[in-house]
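Have a look at the structure below before the remarks.
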Amino acid sequence: MDVNVLIIGLGPAGATVLSKLAQIVGSEKSILAIDHRAKPGFPVQCGEFMPSPEEMASLMPAVPNSREFFAFDEQYISQRTKTISFVSPQGKVIQTPFEGYSLHRGKWITDLIETGKKKGAEVWTSACAVNMENTRITIVQSDKTQIQINPQVIVGADGVNSKIAQWIGLNEKRSDKDYVIVKQHVMTNIDTDYDPTDIQMFFGDKYSPGAYSWIIPKNNNTVNVGAGVRIPMLRGKMNVSKALTNLIEEHPTASQILKGARIDKTIAGVVPVGLPFQNTVDVKSQSLLVGDAASQIVSSVGGGIPPSMVAGSIAATTIADFLDGTCSLTEYQTRWWKSMLNVLIKSYKLRQFFDKISSGRDSRIQWYMNRLKSGDINKVVHCAVPWKVTLAYPFVRYLNWIIT
Ligand SMILES: Cc1cc2nc3c(=O)[nH]c(=O)nc-3n(C[C@H](O)[C@H](O)[C@H](O)COP(=O)(O)OP(=O)(O)OC[C@H]3O[C@@H](n4cnc5c(N)ncnc54)[C@H](O)[C@@H]3O)c2cc1C
């Protein structure tokens, strides 16, 4: 079967490419989008947090019309939030203003796919890309039928550890430090005193070695509660399940919020927290990578929805131009670099910076957090390093020696 464009994977990145590309080219070009899930978007493997359009405009100012671009229709907003609180290993809370919302992410993805279908694209669910030979992709459907697809353009939007990236040779070897293992519950029946406009991030060896744990409100009764860990920072018998249980049962404040709450759903996943891949276009096979497949992520916080939207949208317009004969596919890389590479690099450097000063020790995290104020945390959530930390940096080795 010949198609102009094959999109593999319908998470935020692939669904954005599908919706936008179908709106540009309509049924003049054939688009086939596939996902191995029966209902793409579900189960929701995400904390679903999204900064407000105003915050996104300051985080990614190079995205054209950024306020409008990042605005979500009211129907996709589950809960508006006003603040983020960082909670230190010993329970010190530093709160800072940062507006955002939790999304109905599954519904948003479903509607993007529906838009693509209405504009003439074909969508196959329970369909898995299993092989690539030259530019021919083999897809296996749920009834085990194998179909060969000959696409003019291939979009690899198949998430972290992308098969497409491997097949086209663009995947990069990463260290275990560049991945966060995560587990999350949706919990309901939340304590009524809980402030549903505050996002909470918990640090410390017991709750999130090498990363952070979170409570993201979905409404005043339901929250996404998750824990992240990085393998090189795990000690003894610690693992992600234990970290999440510790948070829910033993953390001085989180356990109070979650006391009496019920677990509704549980998911697990992996978040890439390295730099984006250096090369995201393969001219030989006319393929490109978007979203987690290209490690396009705000790595200091593991935020992948905004970069997936930006890369997905740029991929769609570039493919449309390419099919029109007005540009080469390599233009995709030039365009997304211009829009967001700077912030992705800044957030990666921030992650490395904090790895170095904390070296994974609670005592050090606590020492630094005791000296940070709301304004400093505000810098961190905007991917900047607070001046106090910059000042302390040349003395890190000495400080780490005295703060054991
Ligand atoms: C627990 C958790 C919490 C998170 N919280 C947040 C948050 O609060 N805010 C935020 O911005 N980011 C968050 N992230 C990160 C964010 O979810 C990802 O960065 C984002 O989903 C990346 O989108 P994507 O489309 O690139 O990949 P994915 O969402 O992973 O989508 C990939 C799709 O490809 C499909 N697929 C894979 N292989 C194949 C194949 N061979 N054939 C067919 N289909 C295939 C999969 O079924 C899937 O639907 C979180 C991640 C996790 C795991």
### Query
Taking the stated definitions as given, is K144 more than 11 Å from the ligand (Cβ to nearest atom), closer than 21 Å to A38 by Cα, out of contact with any Cys (no Cβ under 6 Å at 6 or more places or on another chain) and not hydrophobic (A, V, I, L, M, F, W, C)?
yes
### Task
May I ask you to verify whether V223 is surrounded by 22 or more Cβ atoms within 10 Å (Cβ to Cβ), without any contact (Cβ under 8 Å) to a residue 40 or more places away in the chain and of a type in the set (A, V, I, L, M, F, W, C)?
yes
### Task
Taking the residues in region 322-336 that are closer than 15 Å to V281 by Cα and in a helix (DSSP H, G or I) as candidates, determine which candidate is farthest from the chain's Cα centre (by Cα).
F322
### Task
Residue by residue through region 187-200, note down the ones that are more than 11 Å from the ligand (Cβ to nearest atom) and assigned to a strand (DSSP E or B).
M187, T188, D198, Q200
### Task
Could you check how many residues of region 283-299 are surrounded by 23 or more Cβ atoms within 10 Å (Cβ to Cβ), more than 9 Å from the ligand (Cβ to nearest atom) and either in a loop (DSSP other than H, G, I, E, B) or not assigned by TED's automatic domain parsing to the domain that holds K163 (or both)?
2
### Message
Within region 152-161, does at least one residue satisfy the condition of being under 25 Å from the mean Cα position of the chain (by Cα), closer than 17 Å to P272 by Cβ, in a loop (DSSP other than H, G, I, E, B) and free of Cβ contacts under 8 Å to residues at least 12 places away in the same chain?
### Response
no
### Task
Could you pull out the residue among S175, S162, S102, S126 that is surrounded by fewer than 16 Cβ atoms within 10 Å (Cβ to Cβ) and within 13 Å of the ligand (Cβ to nearest atom)?
S126
### Message
Please verify whether R37 is within 15 Å of the ligand (Cβ to nearest atom) and surrounded by fewer than 19 Cβ atoms within 10 Å (Cβ to Cβ), treating the condition exactly as stated.
### Response
yes
### Summary
Of the residues in region 162-186, those that are among the small types (G, A, S) and assigned to a loop (DSSP other than H, G, I, E, B) come to S162, G169, S175
#### Entry: Residues (surrounded by fewer than 24 Cβ atoms within 10 Å (Cβ to Cβ) and among the β-branched types (V, I, T)) located in region 306-329
T317, T326
### Query
If you go through region 252-273 one residue at a time, how many are closer than 21 Å to G204 by Cα and either assigned by TED's automatic domain parsing to the domain that holds G302 or within 15 Å of the ligand (Cβ to nearest atom) (or both)?
6
### Query
In region 240-251, what residues are surrounded by fewer than 19 Cβ atoms within 10 Å (Cβ to Cβ) and within 15 Å of the ligand (Cβ to nearest atom)?
S241
### Query
Going through region 355-378 one residue at a time, which ones are in contact with a helix residue (DSSP H, G or I) (Cβ under 8 Å, 6 or more places away or on another chain) and under 27 Å from M56 (Cβ atoms)?
D355, L372, D376
### Message
Of all residues being closer than 12 Å to A320 by Cα, within 15 Å of the ligand (Cβ to nearest atom) and crowded, with 24+ Cβ neighbours inside 10 Å in region 6-29, which is farthest from the chain's Cα centre (by Cα)? Just the residue, please.
### Response
L21
### Message
Scan region 358-374 and tell me whether some residue there is in contact (Cβ under 8 Å) with a residue 24 or more places away in the chain, under 21 Å from G303 (Cα atoms) and hydrophobic (A, V, I, L, M, F, W, C).
### Response
no
### Selection within region 388-404 - out of contact with any helix residue (DSSP H, G or I) (no Cβ under 8 Å at 6 or more places or on another chain) and either closer than 26 Å to T83 by Cα or in contact (Cβ under 8 Å) with a residue 24 or more places away in the chain (or both)
T390
### Query
Quick one: is P97 more than 14 Å from the ligand (Cβ to nearest atom), buried (at least 16 other Cβ atoms within 10 Å of the Cβ) and not assigned by TED's automatic domain parsing to the domain that holds H36?
no
### Residue among Q152, Q75 that is surrounded by fewer than 19 Cβ atoms within 10 Å (Cβ to Cβ) and out of contact with any strand residue (DSSP E or B) (no Cβ under 8 Å at 6 or more places or on another chain)
Q75
### Task
Find all pairs meeting these conditions: Cβ atoms under 8 angstrom apart; at least six residues apart or on different chains; first residue within region 317-340 and acidic (D, E); second residue outside any helix (DSSP H, G or I).
D321/C327
### Query
Do you know which residues across region 262-278 are part of a loop (DSSP other than H, G, I, E, B) and either surrounded by 15 or more Cβ atoms within 10 Å (Cβ to Cβ) or of a type outside the set (S, T, N, Q) (or both)?
V273, G274, L275, P276, F277
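The values are calculated or read from the model by the stated rules, or taken from the named source; none is laboratory data. These figures come from a predicted structure and were not determined experimentally. So basically every Cβ, Gly included, is an ideal-geometry build from the backbone, and we count neighbours across all protein chains shown.
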